[in-house]
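K.L.:
Can you keep this structure in mind? I'll have questions shortly.
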Amino acid sequence: MENDYDHESGEWVTDWSRYVAVEEQPRYDGLRTRTVPPEVEWRLLLELLAEVPDDVVFHVGCGPLQNFVRAHGAAFVDQLEAAARDNERFRRAVIEVDLPAGMLPETVEARLVAAFGPRFELLPPLSAAELAEYRAPLDG
C-alpha cells in the first residue's frame, strides 16, 4: 500500500503508521519494553508478525526480531531455524535483521545464516566499543 491521506483523520497513512497501529497495542508492551522473559518475548514476536499487515512485515524484522536475535539468538537458535523453515512471513522479516559477525557464537551465526536463506548475510564485525554499545540496551 502506498502512502495515503486520510481526510477524516487529517493524517497520512503510511507503512510505518500501519505497523505502529498494531505494534503499539498494549498486549505488545512486553515486546517493546523487553521486560518479559525471552519465551514470552518470542511468543509475542510471532503473534506480532502474524498480525501486522502483510506488506509491513519488514518492520518486524528490522525492529523487534532484530533485537531478539541479537539478545537471544544463541538460546533460541532451534526456534529461529524452525520459524525460518516453516513461516513465510518470518523468512521475509528476517532478511531485514542486521546482525554483525561476532555478536553471537560462531556456530550459532553459521546456523542462522544457513537457516535464514541465501539473501541473509552477516554484517562486518563491530569494534569492541561498537559491540558494547549494541549490547548495552539488549542486556538492560
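K.L.:
Could you check the simple spin-label distance between Thr14 and Thr107, using points 7 Å along Cα→Cβ, in nm with one decimal?
P.N.:
4.4 nm
K.L.:
Further question: Report the relative contact order of the chain, percent, no decimals, based on alpha-carbon pairs under 8 angstrom and at least 6 residues apart.
P.N.:
19 percent
K.L.:
With viscosity set to 0.692 mPa s at 37 °C, what whole-number translational diffusion coefficient in µm²/s follows for the stretch 4-139 from Stokes-Einstein and a Kirkwood radius over Cα pairs? Could the numbers behind the result be given before it?
P.N.:
Numbers: Rh = 15.7 Å.
Roughly 209 µm²/s, to the nearest whole number.
K.L.:
With equal scatterers on the alpha carbons only and no solvent term, can you work out the Debye log10 of I(q)/I(0) for the stretch 19-85 at 0.15, 0.24 1/Å?
P.N.:
Taken in order of the listed q values, log10 I(q)/I(0) reads -0.42, -1.10.
K.L.:
Let me ask something additional. Of Ala115, Leu49, Asn67, which is farthest on the positive side of the dipole of the chain, counting Cα position, with +1 on Lys and Arg Cβ, -1 on Asp and Glu Cβ, and the Cα centre as origin?
P.N.:
Sorting the options by dipole projection puts first Ala115.
K.L.:
Tell me what the chain gives for mean residue ellipticity at 222 nm when only DSSP H runs of n ≥ 4 count, each as -39,500 (n - 2.57), the sum divided by the residue total, rounded to 500 deg cm²/dmol. Could the numbers behind the result be given before it?
P.N.:
On the way: 9 runs with 79 residues, N = 140.
Result for the chain, helices only: -16000 deg cm²/dmol.
K.L.:
So for Asp29, Asp86, Asp15, fewest C-beta neighbours within 10 Å to most, what's the order?
P.N.:
On the way: Asp29 12, Asp86 9, Asp15 16.
Going from least to most buried by this count: Asp86, Asp29, Asp15.
K.L.:
Next question. Mind ordering 121-129, 55-63, 105-113 by average Cβ neighbours within 10 Å, highest first?
P.N.:
Values: 121-129: 11.3, 55-63: 19.8, 105-113: 14.9.
The densest-packed peptide leads the list: 55-63, 105-113, 121-129.
Every number in this text was worked out from the coordinates using simple rules, so none of it is lab data. Just so it is clear, the structure is predicted and the values come from calculations on it, not from any experiment. Reconstructed Cβ throughout: ideal geometry from the backbone, glycine too, with neighbour counts over all protein chains shown.
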